[in-house]
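Here's the structure, in structure tokens; my notes come after.
The values are calculated or read from the model by the stated rules, or taken from the named source; none is laboratory data. Fair warning: this is a prediction, and the values are worked out from it, not measured in the lab. A quick note on method: Cβ atoms are made from the backbone with ideal geometry, for glycine too, and the neighbour counts reach across all protein chains shown.
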Amino acid sequence: MEKYLHNLKLIILGLLLFVFPFFFLPTTQEFYTTNKFYLVSFAALLLLLISTLQFLVSKKLVWQKKSFDSLVLLLLTTLAISTVISSPNKIQALLSPNFGLVMMVGLAVLYFYLSRIKIPSIIYHLSSIILSLTTIVFFFQPFKNTNLPQSLQFLKNTAFTPLGSQLDLAIFLGFFVILGITRVILRAKPEESLGLSEKADIRQRSFANAQDDKKGIILNFFLLTFNLLALFLTLYSLLKPSNLEPRTSNILLPPFRLSWYAAVEILKNPLTALFGIGVDNFSAIFTQVKDFAYNQSSLWQVNSFSVSRSTLLHVLTEAGIFGLIAFGLLFFNLIRSSTKSTKFIIYYLLFIIVLFPPSLPIWFLFFITLSLIDSSTAISANLSEINLSNLTPIYIGITVVSLIVIGGSSYLLGRSYAAEAYFKRSLDGLVKNNAKDVYDNMRQAVIFDPYIERFRINFAQTNLLIANNVASKATPAQPADKETPTTTANQLTDQDRQTITQAIQAAISEAKAAAALNQQKAANWENLAAIYRNVISVAQGADVWTISAYQRAIVADPQNPIYRLNLGGVYYSLNNFDQAGKLFEQSVGLKPDWTNAHYNLAWADYQKTDYQNAASEMQNVLNLIDPKTAKTDYDQAKKDLDEFKKKLPKATEETSPATQAQPSQLTLPTPPAENIQPKIQLPKEASPEAK
């Protein structure tokens, strides 16, 4: 029985290592990383269950001490402390696929087993060759002109990779390339490239085994060739000129400068210095350290990033000094334990961890490297065994606790994955234009996992869409003559008003719930403000609440010109042109080359009868627009400028040619149509300040 269970663990580990790089399922919103995360998590639970069954049969606790065990546990401990103390949304932090505790525990479990169970190297070879072949095939877009069903349209994506990200693919392939080069070079000197236990076996090999080495060199060279070709094609896809634009680039990274500022910022507070800003909370600190230079870059419309540019800086920012020390000690011991066959892989990982953001594939390679080095230690070394056959209460207690933990974790992870699946179905309902599927599945996603902010945000928007659809039934009808007052073509029934009221209340409630899950994230407050803004015409007090929510967003993201423009738009639609002008002016100050900010400021000045400044700002708009690439906007601004100049004394009129080219889209805030009278009364609990 024990042998059977041991072989079962071997099979699970082998399958996990084999399928991880190309495992994905179209059952969740994000096909790749999400499913790899749950694959690792459930595999870890299954391995623990098998070990519990082994303990149940043998009644013995067997443990083999390995060199990295204590430091891995120390890293997990610092991560757990950071999550408990600092993370605002602790459940979402646990489930983070970049640095979350569940992911790290799953990979740590994988390390503990791989460092003690020998896995045939052919599994790594097969996995790498399939990944490389997949990369080569999809580089040439084999399905480009093929009629595929909607569910398989992702195969036409030029950036498709089963690993999920082109950057992660390049890092993964680079790992196998370095590993392949090392094996080819050192294969002729096996005693220098293997661990202590393997050296003794090498000395006993026969001439026939020496011939196998030659075959191994040929095989490794063959694999290396495929990996190198796949890596070259991936790097070409990442770096080719057409992909350098932010809107089309396969690689969108936060600036290293701001990632450094974020890491330094946490050191200003003793609590965050020790334990970090909290797992899954990097975006909150990023919005605080954004500066004027960021708004002048091509990334300015990206309000925030969820990860740091550097994995090392990310660990410091989210887990604090304690987390960095634990990770640093682990990596230092990894370097110290390196051999000729592993030192280049370790230096490669150090390069990746310093320069690139954290991700599940990067952490996977890190823990795999730990296990490869630790597995070179003799199996019988540091082996401890405790026989509990005569201590029945302890034996039963350990078994029961283990089964409860494994069962409870499996149930909670299962609910979390079910929520992801329901969320994907709701998005599919949007494509099929099936409102009932959208609402029902979105609701189930929130029920199964109410702590995921994007579920709450999308459910809020779904409820708002329902309210708008019902409210649109009340459309103004044309009056019969000038003496007849305008009426509505379709009057809302009491049931319609009740539906609208309930939908609006649900939308606000869900948006507030998202903001409450993490009040440090500006995006959550901006979403709540957008919900309020959309119901200003039908709900009393929504205008005040809109302003309050936008102010909270601005406090969380003070350098964001978009939030100030949107808040100014609210004041503009309420005919408060003085306050609107101040916010438009602030938006212009944060991003002087944003044409729409100048355009809105020009109209605010015009409404205040400050025609001189209005004309000057509209002239700035013209100076920023290229008439060749944005002719419609240019003509509109020119028309508006001519209108403004009619209000000026003749002596002050000026003309100026366009001097700077920049695509733009000019829009003015418009007050929503008040198609529901009287307005809906919302409870005080709908206020953003109400808890």
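Quick notes on this structure:
- Search result, residues across the range 149-164 that are farther than 21 Å from Leu229 by Cα and either among the aromatic types (Phe, Trp, Tyr) or at pLDDT below 60 (or both): Phe154
- All told, Leu95 falls short of being among the aliphatic types (A, V, I, L, M), touching a residue at least 12 places away in the same chain (Cβ under 8 Å) and in contact with a Leu (Cβ under 7 Å, 6 or more places away or on another chain).
- All conditions but one from (1) at pLDDT 90 or above; (2) out of contact with any Asp or Glu (no Cβ under 6 Å at 6 or more places or on another chain); (3) assigned to a helix (DSSP H, G or I) apply to Ser416; the one that does not is (2).
- Options Ser472, Ser359; residue that is of a type in the set (Ser, Thr, Tyr) and farther than 30 Å from Leu253 by Cα: Ser472
- Within the range 137-151, the residues that satisfy the criterion of being over 20 Å from Val19 (Cα atoms) and not aromatic (Phe, Trp, Tyr) are Gln141, Pro142, Lys144, Asn145, Thr146, Asn147, Leu148, Pro149, Gln150, Ser151.
- Selection count, the range 47-72, where residues are assigned to a helix (DSSP H, G or I) and among the charged types (D, E, K, R): 1
- Exclusive hit being within 26 Å of the chain's Cα centre (by Cα), modelled with pLDDT under 95 and of a type outside the set (D, E, K, R), set Asn382, Asn303: Asn303
So that you can scan it fast, the table gives a plain yes or no per residue for (1) crowded, with 17+ Cβ neighbours inside 10 Å; (2) without any contact (Cβ under 8 Å) to a residue 60 or more places away in the chain:
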| site | (1), (2) |
| --- | --- |
| Asp494 | no, yes |
| Ala542 | yes, no |
| Ala556 | yes, no |
| Gly581 | yes, yes |
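- Any chance Ser656 is modelled with pLDDT under 90 and on the phi < 0 side of the Ramachandran plot: yes
- Within the range 591-627, the only residue that satisfies the criterion of being surrounded by 18 or more Cβ atoms within 10 Å (Cβ to Cβ), in contact with a Pro (Cβ under 9 Å, 6 or more places away or on another chain) and charged (D, E, K, R) is Lys591.
- Residue in the range 351-371 that is loosely packed, with under 15 Cβ neighbours inside 10 Å, farther than 24 Å from Phe286 by Cβ and not β-branched (Val, Ile, Thr) present: no
- In the range 615-631, the residues that are more than 14 Å from Val588 (Cβ to Cβ) and either at pLDDT 90 or above or in contact with a Gly (Cβ under 8 Å, 6 or more places away or on another chain) (or both): Ala615, Leu622, Ile625
- Number of positions in the range 1-46 that are within 30 Å of Ser151 (Cβ to Cβ), part of a helix (DSSP H, G or I) and among the β-branched types (Val, Ile, Thr): 5
- Applying the condition of being surrounded by fewer than 22 Cβ atoms within 10 Å (Cβ to Cβ) and β-branched (Val, Ile, Thr) to the range 251-271 and asking which residue is nearest to Leu324 (Cα to Cα) yields Val264.
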